[in-house]
1. What's the extension gain from Q374 to A394 if we count 0.36 nm per residue and subtract their Cα-Cα distance?
2. What is the Å³ per residue value for the convex hull set by the Cα atoms of the range 177-300?
3. Over all alpha-carbon pairs of the range 88-139, lay out the pair-distance distribution in 10 Å bins, whole %, shortest bin first.
4. Please report the base-10 log of the normalised intensity I(q)/I(0) for the range 315-405, using a Debye sum with one equal scatterer per alpha carbon and no solvent, at each q in 0.11, 0.22 (1/Å).
5. Give the ranking of I72, I316, I40 by solvent-accessible surface, highest area first, calculated with a 1.4 Å probe.
6. By how many degrees, between 0 and 90 and to the nearest 10, does the Cα long axis of helix 208-221 differ from the longest principal axis of the chain?
7. Rg/Rh for the range 469-550 to two decimals, with Rh computed the Kirkwood way over all alpha-carbon pairs.
8. With a Förster radius of 56 Å, plug the Cβ-Cβ distance of S100 and D305 into 1/(1 + (r/R0)^6) and report the FRET value to the nearest 0.05.
Amino acid sequence: MNSIAAASEQAQSLIMEALGRLVADGVFPAEPLPPFIIEIPADRSHGDFAANVAMVCAKPLRMPPRKIAEAIAGALETEGSMFSRVEIAGPGFLNFFLSSLWYEEVIRNIIAENTTYGESKVGQGKRVLVEFVSANPTGPMHVGNARGGAIGDCLASVLNAAGYQADREFYINDAGNQIEKFATSLEVRYLQACGREIEMPEDAYQGADIIAHANAFFAEHGDAYANAEQQSRRDALVAFALPKNIQGLKDDLFQYRIEYDRWFAESTLHADGSVAGIIQQLKDSGYTYEKEGALWFKAEELGADKDFVIVRSNGIPTYVVPDIAYHYNKLVTRGYDRAIDILGADHHGYVPRLKAALTALGVDASRLTVVLMQMVAVMRDGKPVKQSKRSGKALTLITLLEDIPVDAARFFFNLREANSHFEFDLDLAVEKSSSNPVYYVQYAHARLCSLIRNLAEEGFAVPAANAAGLSLLATTPERELIRQLAMLPAEIESAAKQLDPSRMTKYAVELAAMFHKFYDACKVKDAETSELRDARLLLCAAARQVLFNVLTLLKVSAPEKM
């Protein structure tokens, strides 16, 4: 249950009912009133919720805001509601203060909902496809892919928790120029292994993985392909190496705790005629023209920065055509309500062109959302790192995970919004101190588990939710902790709406801070009375559950001991 939303909605209802009574009594004229806002004040001494209804109604009611606020406050009936009192502040803000009953219900709801606490149905079961990483299968994944993986995977989790039906997908770029370059690189290394004196082109893939693939192919086939027809040789090399690379991507991502619902190969779009079909559909739309033997798309007419070529003068489609076909497949063929792509910031010009093509194909382009992700700078000792300290190799996803735990990688890469530049501090990621945010949160969970376990061993088990005197939880640290617990459903909904899973890590850090503050201020085992001890113990159980739920959402472990 979203206790924050429920309280906000009730505050609005109470105000509307008060306005109705004031109009019926002739205090206010029967005038249409503008919408007003109910928000959580930055300073909680100003109340738990604040309404600006008096200010926005000043003009239609032709009265000073303060006088309007006084009339509304006098007509409000808070008896039996979630609020204990309403006060007037400043020019006429109505400040609502939550009652003890509200705080009690928050704890009871958490205990009752258990691992499902925080989930909602705001997504109404709409089908969403989240595509992320989609690294070229011609080599290992780099650190940027690691950030995209953490963001995309956690975003899919957040969407599912918010009531959407979110699927994860990896788009395998197994066709096009990068595969041709892959074939060239493998061919040269293979021929070198066969004893040919042939130089590697400068623009080819120079990595050690290419040499390893070529040598493995030679070990299996010898020089049988040395004098074969070139295309046959290239096809055989790609058929040998590409599946190994794809399996390597799957293995690496599995180690990173990412499992996709589907791996979608670009080659299938060529094989089943989708690419050719999209070209014909774009022609039929009237948004193409020929120029210098090439087929151009009128992207400018549909909001993009410039027109672009979709078929070269040699008859070969450009790279964007399979991408258009792929997104058409997502939104039309497979019928997803929405497609979300996590892409590098260098794709900013590509997005409006893709949306323009979808529009020409009769697809509502607003159903495609692209989250642009900024660069990552990996730091050690305050200096940028370009290779792994242990392996001496370029810093890839796997060499990164040799240096730091998966928990730290996933948590750190979700500390900032995708569109912000991020410095990943390798030293901080392995530090066992409160300065390390993932350690700080995990320590809070372990501390809660230890507290509850030790009290149980002494005969003080967590009481039933309806047996504890939760009204005793009235101190500021206790209520701040409960309010933070109550925020989880709203935070999940906001993260889903804004496509920003970093809200989850920030929430977890804030919750850990609230718990540590509570723990330092409020005795549990040695509470003044056994009733207060039981109430605080139940609060601790609720806090442990919420921390567990958030860490699980992030696919970060929730240790019981540290």
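1. So the extension gain works out to 5.2 nm.
2. Convex hull of Cα atoms, per residue: 199 Å³.
3. Histogramming the range 88-139 at 10 Å steps yields 16, 20, 22, 22, 13, 6, 2 percent.
4. Log10 of I(q)/I(0), two decimals: -0.51, -1.01.
5. My answer, sorted largest first, is I316, I40, I72.
6. Around 50 degrees separate the two axes.
7. 1.04
8. 0.45
The values are calculated or read from the model by the stated rules, or taken from the named source; none is laboratory data. All figures in this text were calculated on a predicted structure; none of them were measured in a lab. Virtual Cβ from ideal backbone geometry, glycine too; neighbours counted across all protein chains shown. Each accessible area value is taken on the protein alone, full model and side chains, heavy atoms only, with ligands, DNA and RNA left out. Shrake-Rupley method; radii C 1.70, N 1.55, O 1.52, S 1.80 Å.
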